[in-house]
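Below is one structure, written out as structure tokens; the observations come after it.
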Amino acid sequence: MLNIQKMMQQAKLVQEKLEEIQEKLRDIDVQGASGDGLVRVTMSCANVVRSVTIDPSLISSGNKDILEDLITAALNNAGEAKDARVKEETKKMMESIGVDENTKFPF
């Protein structure tokens, strides 16, 4: 019976920590870029795109298809950076409470 109580306490602690980390991730921004930095995207780790910066040379060139491709690539790059940061922050949180990062919980 004690093991179940301990597991429940640990699960509650993990759930509280996950809520904390979700709050923290709203304030962490990552960047993505494409075209050697011609297009840059800043995104929060909560999946909110904060800004898109496009080098003026792309706008005046009239290459709509290239610009669209570069924006898509920069967004995808930012999404990958966000995923890596979320994984890193989650791993740190799990280590801080003594739980293996690969532990599966029923919630």
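Here the gap between Arg85 and Asp100, fully extended at 0.36 nm per residue and compared with their Cα-Cα distance, gives a gain of 3.6 nm. Once the Cα atoms are used to define both axes, helix 64-96 deviates from the longest principal axis of the chain by about 20 degrees. Among Lys12, Lys17, the ranking by other beta carbons within 10 Å of each residue's beta carbon, starting with the fewest, stands as Lys12, Lys17.
Applying the Karplus relation 6.51 cos²θ - 1.76 cosθ + 1.60 with θ = phi - 60° to the stretch 3-17 yields 3J(HN,Hα) values of 4, 5, 4, 5, 5, 5, 5, 5, 5, 5, 4, 4, 4, 5, 5 Hz, where x marks Gly and Pro.
Relative to the Cα centre, the charge distribution of the chain, modelled as +1 at Lys and Arg Cβ and -1 at Asp and Glu Cβ, gives a dipole magnitude of about 400 debye.
Note on Arg40, Arg50: ascending count of other Cβ atoms within 10 Å places them as Arg50, Arg40, the fewest first. With respect to the cross-link table entries Lys6/Lys87; Lys12/Lys82; Lys24/Lys87; Lys17/Lys87, which display a Cα-Cα separation exceeding 18 Å? The pairs that break the limit, which is 18 Å between Cα atoms, are Lys6/Lys87; Lys12/Lys82. Take the Cα of Asp65, step 7 Å toward its Cβ, do the same at Gln15, and the gap between the two points is 5.3 nm. Treating the stretch 26-93 as a set of equal point scatterers at the Cα positions, no solvent, please give the Debye-formula log₁₀ I(q)/I(0) at q = 0.25 Å⁻¹. Values, matching the q order: -0.98. The residue list Cys45, Leu67, Met93 was ranked by how far each Cα lies along the charge dipole of the stretch 26-93 toward its positive end, using unit charges on Cβ atoms, and Met93 comes out on top. Of the residues Asp29, Asp83, Asp65, the one that moves most in a GNM of the chain with alpha-carbon contacts below 10 Å is Asp65.
All of the numbers you see were taken from the coordinates with simple rules; none came from a lab. In this text the structure is predicted, and so the values were computed from the model without any measurement. Using ideal geometry, Cβ is built from the backbone for each residue, glycine included, and neighbour counts are taken over all protein chains shown.
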